[in-house]
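My structure is below; once you've seen it, I'll send some questions.
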């Protein structure tokens, strides 16, 4: 990655034998700092894109709503009624179906997760502190000081 970065910055070039040669012998420190900062920004962007992709794949939320929020569009509904998560909610697949009335009353309720009320301050490791906008049984949507909204699984969020 570093050689690719230097190549894109015009500091080195690659020959036909896939070797590298110094192209710019008088590269300034400022140029190298700019290249390093650009690489850092690209890494942060790539990491955030991967997190969003994983969230989309693992989410139990309405997929259309997740996509609209990704593109900063507001949906006035919580369920589209057409995607896989709306048609077959994942939470229904987690509980066994009772076969009789007695078994229905004996089915244990899952342990409750900590409450994450809107407005509460939280901390997300490797991300920072923010304020809860909304939460569901499994997810918490947080707004950070830079006005960025992100959604996390509750077990990755700490109440302050």
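Hey, could you check region 61-101 for residues that are surrounded by 12 or more Cβ atoms within 10 Å (Cβ to Cβ) and not in a helix (DSSP H, G or I) and say which is modelled with the lowest pLDDT?
This residue is 98.
Residue-wise test of (1) modelled with pLDDT of 85 or more; (2) surrounded by 13 or more Cβ atoms within 10 Å (Cβ to Cβ).
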position	(1), (2)
7	yes, yes
14	yes, yes
40	yes, no
103	no, no
108	no, no
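Listed residues 34, 48; which is out of contact with any strand residue (DSSP E or B) (no Cβ under 7 Å at 6 or more places or on another chain), over 30 Å from residue 142 (Cβ atoms) and outside the structural domain of residue 126 (by TED's automatic domain parsing)?
On inspection, the qualifying residue turns out to be 34.
The values are calculated or read from the model by the stated rules, or taken from the named source; none is laboratory data. Owing to the predicted nature of the structure, the values given are computational and were not obtained by experimental measurement. Cβ sites come from the backbone with ideal geometry, for glycine too, and all protein chains shown count toward neighbours.
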